[in-house]
Amino acid sequence: MQAIIICGGYGTRLNKLYKNTPKVLIKFKKKPNLDYIIEGLKKNNITDYLFLTKHLNKKIINFIKRKKIKKAKILQDKYLSGTGGALIESIPFLKKEFLVIYGDLFINFNYNRFINLKILNKQIKKLT
C-alpha cells in the first residue's frame, strides 16, 4: 500500500505565525506533524510514500531526507494547480492501491482497520 501525502499548501491562515514553516512541519509537542503521520503509517505497515509538495518544498525535502525513508518519492507541483492538479501530476507514480492523506491534518487513525474494512466490503459485494 502506498501513501500519498499532500504537503503543498500555502498555509495562508497560519501565515502570520508560521511564515517560514510549511504546515506539515508545524510542531506539536516538539515534533513536526509530518512525523506523527509517518509514524502512524509505519505502525500500520505502510512504508511506501509519495509526497506532493509546493510551498517551501525545500524544507519538506530536507526533513524527508533526514528521516532516511527508504521508499519515498517527492513530487513538486510545477503549476499552481491545487490538490486536484497535484494528484493528476502524480498519476504516473501511483501504485495499484494507495491512500491519500492531507499532511496538515493532526489525526490518530488506524489505517489497517480502514484497509481491512475496504477488503471486507469487496468480499461481501462478491457474495451478493
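Structure summary
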quantity: Failed item, numbered, when residue 75 is tested on (1) touching a Leu at 6+ places or on another chain (Cβ under 6 Å); (2) under 20 Å from residue 39 (Cβ atoms); calculated: (2)
quantity: Residue match in the range 84-92 (condition: over 24 Å from residue 21 (Cα atoms), loosely packed, with under 14 Cβ neighbours inside 10 Å, out of contact with any Ser or Thr (no Cβ under 8 Å at 6 or more places or on another chain) and not hydrophobic (A, V, I, L, M, F, W, C)); calculated: yes
quantity: Selection count, the range 20-52, where residues are of a type in the set (Phe, Trp, Tyr) and more than 20 Å from residue 1 (Cβ to Cβ); calculated: 1
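Every number in this text was worked out from the coordinates using simple rules, so none of it is lab data. The structure displayed is predicted, hence computed values, not measured ones. No Cβ is skipped: glycine too gets one built from the backbone with ideal geometry, and neighbour counts run over all protein chains shown.
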